[in-house]
Each structure stands twice: as C-alpha cells, then as structure tokens.
Amino acid sequence: MKISLIGTGYVGLVTGTCFAEVGHDVICVDCDAAKVELLRNGGVPIYEPGLEELIQKNVAAGRLSFTTSTKEGVEKSDIVFIAVPTPPLPDGSVDLSYMEGVARDIAGAMTQYKIVVDKSTVPVKTGEKVAETIRRYCKSKVEFDVVSNPEFLREGFAVEDFLKPDRIVIGVLSQRPVAAMRELYAPFHAPVIVTDINSAELIKHASNSFLALKISYINALSILCESSGANVQEVANGIGMDPRIGRRFLDASLGFGGSCFPKDLSAFIKIAEQLGYDFALLREVQRINTHQMDRFFKKIVETLWVLKQKKIGVLGLAFKQNTDDVRMSPAIDLCQRLQKEGALLRVHDPKAMEKARALLPDVTCVPDMNAVADGCDALVIATEWPQFKKLDVERARRMMTHPILFDGRNLFDPEEMENLGFIYKSIGR
Ligand code: UDX
C-alpha cells in the first residue's frame, strides 16, 4: 500500500521504516530539511536498535524515501499518517498546534480520497477536530476519513515492538477506512481492536498512565519495605505472580522518567479536568514519583553529609536502558541536584554521554564504566543498563576513597555488597 508519514521524528521514522519493511511503499515527510538530507545520505538522527539497518535495506529496495514536501507525500499516498510532536504546554495540557498545522497542510494537498491516520499521542476528541479542520480547509472538497491509531512503542525496543505488536488499536468515525487499515496491518499478524475514535485516543493515555501507576505503586511499597525491613523485590515477585497483576513494571526505582510517562500523565490529568473529573489518583502517581527521587537524594545527603567537593561517580544518564535519550531522565535530575550541592561528578553511560553533555556541563565523562568510581567518595547507579550488573565491584571498592554505593535500580544484592565491604543503599530493601 502507499503510505506517507508527516513528521519523521522518533515515532514517524520507526513507523515508516517498519511499514516499508513489511512491503508497503513509504514516503517520510519532515519540515526539517537538514534531517531529510541526513536521512537521504544514509544517516539516522536517533539511536534505536536495528533501525539503521532497516532504513538502509528499505531505501535500497526503493520502498522508503524522504522529502520535505507534505504535498508530495499526500499526493503519492493513499494513507497519510500524522506523527508530529504534541509537546506539553506550561500548564501540562497538550500543544496541538503542529497537529492542526499538518491537518491544514494535508487538506490543502488533497485532491482525492485519503485516509488520514493520527499516530501522535493526543487528547481524546482530537480526531474529531482534525476531521473538522480538514473539512474546513480542503478546497477540492474530496472525501476522506480520519483514524486514530496510537503507538505503544518503547524506546530502545521500538522496532521490535512495531514489528511484533501485542495489539493494534484502530479508532474510527465510520466503518469506511476499516478494511484498508486491517490490510495495512495484516503482515504483522497481531490482534486488531476496532473502536470509536474517542476510545482509541483514550486507550493511549489510559495505558501509559496505568503503567506509571504500577511503578508508583511499587515505589510507594518500597517505602513500607524500608521502614519494616521487608524486601521490595520479593514483594514484587510475590504479587506479580498473580496473572491479574503481572510482574512487569514492578521494579522499584528512583522514579520513572522519559519523554512519555511524565508528559502523558500531566496531559491525562488535564484532559480529565477539562472533562470535569479530578483524577486525583494520577496526581498521587506524580507525587509519589517526585517523592521517590527526593527520598533517594536524601539518602545520599544523609550518608555523605556535606556534598560540596565530594567526588561522586554516576553510572547511567539515559532515562532507562537501551537508549541515548536523556529527556526527563531521573539520572540527569539527580546529577543536577548533586551538582547544585557542589559535588564533583564522574559520569558514564553506554549511549547517552553525548546528549547528556549539554545538560550537564562541568562533569567528567568516563568512557570505561569500571573507571567511574576511581577516587570517588560514593558511586550512584541511576539507570538500569544490564551491563552495570557486570561492574568490577572489587576494583571499584579498591579504587574508591570510600566504598559507598547508592543503587537507584536495585542491580546488586545487598548482602553480597556489604560482604564486599561496601556501605550499600538501594530502594525498598
Ligand atoms: C513508555 C511505554 O512503555 C510505551 O508503551 C509508550 O508508547 C511510551 O512510553 P518508554 O517511555 O520508552 O515507553 O519507557 P518504559 O520502558 O516504559 O520506561 C519508562 C520509565 O519507567 C523509565 O524511566 C524506566 O526506567 C521506568 N521504570 C520502568 C521503572 O522505574 N520501573 C519499572 O518497573 C519499569
């Protein structure tokens, strides 16, 4: 099928590439000429495992191309995806100006029937507004359908998640586009849920908020574990074996971050407010998340007392494993708090060092994770990169001025670390 993607950011690029991979003809459109040029020359603006290879393969096969022209994208495709940013406004609500702008551009370029699909995360009722806008601005008055088709991609696993989805949600205003949407997704062999358009939009915010709630729940339990001497990992294992609950997303941590959960939570709270409901439950999810970082920071301060001039090693800068993304990263937040108190930081991240540099001037970036702790008064683990589990802890203990380890991701066993001579503090244990 012939598809265009308006917006070649993280979601647009992964979506376009994966559609090309299953045999569709894809044009990715972006207003950023430098980005389009980079992609045309074989470059990839983001890091995502497997993505670069798939782009190269599908460009070579002639199924994937890049342009700055929305008109070209719309003219050459039957299904037009909108994948533009929907950033937060200062009050937590969603800035839909890119969405509206693209809806007008599509309307201006349409000369025959198109299916316009919204992939961006948007407040419920946006699809209705998009349809209204296209109708208003389309001079040729051609027929079209607007569909909501939210993405559930995890950063670091986006290609895998796209190619092997657990569900495809298709929200429609009428049945007309359903057959084409099913055909588009047929190569993925995943369950398809067809809903009304408002439900599809709600599913996205509801699902991210639920996952954030799950993390805040276990983080709240971690407080009880710390004050009662219980172990949050054992509690998580115990409750997670109930299939109604499930073990995933029950890892206590210094808090969740990233470009989705914090933003989507604020947006959903605001959406609820606009619909006349005070979603206090989700406000509490946010509060627990902030409190979890405060608690972790307090542990560091209580142990080291004065942070000024203390050398602290930090392992992990990305908001989670497998990504170079540092947006809303708890690790960066923590580093900034430590720096504010005058600590001197030696930092390492397998992928995110480059991007972190802009947010963290005056830190020493250490290319070898095993050398981060050298000469430090304390070491902090802030991101759950699996390779950190293989840290040469014996060496760290020898090379540190004081063997103090704050594990914000529970990567090590408390007893083993204490037997090795560390003062070891983790979350909920
Ligand atoms: C999330 C959703 O998983 C995805 O479906 C949606 O489309 C976008 O938002 P992502 O932001 O890539 O994806 O990250 P995710 O893997 O969900 O992790 C989010 C944050 O929660 C990270 O900071 C992570 O470290 C933290 N986390 C996750 C925990 O603290 N504990 C857990 O048990 C799981």
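The values are calculated or read from the model by the stated rules, or taken from the named source; none is laboratory data. All of these numbers come straight from a predicted model, not from anything done at the bench. Virtual Cβ from ideal backbone geometry, glycine too; neighbours counted across all protein chains shown. Areas reflect the complete protein model, heavy atoms only, side chains present, ligands, DNA and RNA absent. Shrake-Rupley method; radii C 1.70, N 1.55, O 1.52, S 1.80 Å.
Quick check, is Thr133 more than 16 Å from the ligand (Cβ to nearest atom) and not acidic (Asp, Glu)?
Working: more than 16 Å from the ligand (Cβ to nearest atom): yes; not acidic (Asp, Glu): yes.
Criteria met by Thr133.
Only one of these is more than 20 Å from Pro87 (Cα to Cα) and among the small types (Gly, Ala, Ser): Ala280, Ala272, Ala267. Name it. Talk me through it step by step, then tell me what you get.
Working: Ala272 fails: more than 20 Å from Pro87 (Cα to Cα); Ala267 fails: more than 20 Å from Pro87 (Cα to Cα).
Step by step, each of Ala280, Ala272, Ala267 is checked, and only Ala280 is more than 20 Å from Pro87 (Cα to Cα) and among the small types (Gly, Ala, Ser).
Report, by residue number, each residue of the stretch 72-103 that is assigned to a helix (DSSP H, G or I), out of contact with any helix residue (DSSP H, G or I) (no Cβ under 9 Å at 6 or more places or on another chain) and open to solvent by 30 Å² or more (accessible area, probe 1.4 Å). Lay out the reasoning, then the answer.
Step one: of the stretch 72-103, the residues assigned to a helix (DSSP H, G or I) are 72-75, 97-103.
Among the residues that remain, those that are also out of contact with any helix residue (DSSP H, G or I) (no Cβ under 9 Å at 6 or more places or on another chain) are: 97-98, 101.
Listed by number, the residues that qualify are Ser97, Tyr98.
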Residues (in a loop (DSSP other than H, G, I, E, B) and either closer than 22 Å to Pro403 by Cα or among the acidic types (Asp, Glu) (or both)) located in the stretch 265-307: Asp278, Trp305, Val306, Leu307
Number of the exception - Glu418 against (1) closer than 20 Å to Phe319 by Cβ; (2) touching a strand residue (DSSP E or B) at 6+ places or on another chain (Cβ under 7 Å); (3) open to solvent by 30 Å² or more (accessible area, probe 1.4 Å): (1)
Failed criterion for Ala179 (all others in (1) small (Gly, Ala, Ser); (2) within 16 Å of the ligand (Cβ to nearest atom); (3) surrounded by fewer than 19 Cβ atoms within 10 Å (Cβ to Cβ) hold): (2)
Single condition Val326 does not satisfy, out of (1) more than 14 Å from the ligand (Cβ to nearest atom); (2) farther than 21 Å from Ala378 by Cβ; (3) assigned to a loop (DSSP other than H, G, I, E, B): (1)
Pair list, Cβ < 7 Å and 6+ apart or interchain, from the stretch 45-62 residues that are among the charged types (D, E, K, R) to residues that are surrounded by 15 or more Cβ atoms within 10 Å (Cβ to Cβ): Glu48/Val14; Glu48/Ala158; Glu48/Val159; Glu52/Val44
Criterion: of a type outside the set (Ser, Thr, Tyr), surrounded by fewer than 24 Cβ atoms within 10 Å (Cβ to Cβ) and under 14 Å from Val159 (Cα atoms) - qualifying residue of Val36, Val59, Val11: Val11
Output for the stretch 39-56, where each listed residue is open to solvent by 20 Å² or more (accessible area, probe 1.4 Å) and among the charged types (D, E, K, R): Arg40, Glu52, Glu53
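Being more than 13 Å from the ligand (Cβ to nearest atom) and open to solvent by 70 Å² or more (accessible area, probe 1.4 Å) is the requirement here; does Ser174 meet it? Spell out how you get there, then give the answer.
On the way: more than 13 Å from the ligand (Cβ to nearest atom): yes; open to solvent by 70 Å² or more (accessible area, probe 1.4 Å): no.
Taking the combined requirement at face value, the residue does not satisfy it.
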Per-region count, the stretch 352-392, residues more than 14 Å from Asp407 (Cβ to Cβ), basic (Lys, Arg) and surrounded by fewer than 19 Cβ atoms within 10 Å (Cβ to Cβ): 2
